[in-house]
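Below: one structure, written as structure tokens.
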Amino acid sequence: MMLCRPFIVLGLVFALAAAAATADAAPKKAKKKGKEHVHHGVIEFVHLDKDKDSGKIELKEKHHKKKGSTASTGKEKEEKFQVGKHTKVEIEHKKKGKKEEKPGSLSSLKKGEHVTVYSKDGKAEKIVIHHHKKASKKKKPKTTT
């Protein structure tokens with residue numbers, strides 16, 4: 001019985017080592033393709049084909065620092081998207097806290113517009129153009145003295 005114990009212990013050690021080696025060699029999960037992403041930013045470049053039904057847009061995203069994190073602020077990232085007949089464009093107006101959405105077209109995409117792009121596999125599925133009502137400046141009446 002005394003002679004069997006070292007062999008049993010060595011057998012268990014080798015079995016555990018083999019199990020750990022196969023666990024490390026297991027393939028890691030790849031990123032899921034086909035997942036929808038949301039991008040917020042400003043349009044930097046718009047290129048529509050002659051038929052104006054398809055083209056490309058380039059968006060500049062600016063990531064802001066989250067509360068409590070030590071990451072640097074203002075990281076900018078450029079994203080490129082394919083647009084076409086499959087892309088739905090909406091124009092959003094905000095007035096007194098209410099959102100009003102109207103349908104738009106690809107020709108309404110201009111450089112400098114603030115947009116939200118819903119994309120899948122590099123193709124824009126939906127683009128929302130944000131128009132905010134600017135505060136009107138009240139003119140002071142002229143006083144004559």
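Data for the structure
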read-out: Hey, VAL128 touching a residue at least 60 places away in the same chain (Cβ under 8 Å) and surrounded by 15 or more Cβ atoms within 10 Å (Cβ to Cβ) or not; value: no
read-out: Criterion violated by GLU76 - all others in (1) more than 19 Å from ALA124 (Cβ to Cβ); (2) modelled with pLDDT under 80 satisfied; value: (2)
read-out: Residues within region 78-121 that are among the small types (Gly, Ala, Ser) and either touching an Asp or Glu at 6+ places or on another chain (Cβ under 9 Å) or in a strand (DSSP E or B) (or both), tallied; value: 4
read-out: Members of region 117-145 found to be at pLDDT below 90 and among the small types (Gly, Ala, Ser), listed by number; value: GLY122, ALA135, SER136
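The values are calculated or read from the model by the stated rules, or taken from the named source; none is laboratory data. The shown structure was predicted, so the numbers you read here are calculated from the model rather than taken from an experiment. Counting neighbours? That spans all protein chains shown, and the Cβs are built from the backbone with ideal geometry, glycine included.
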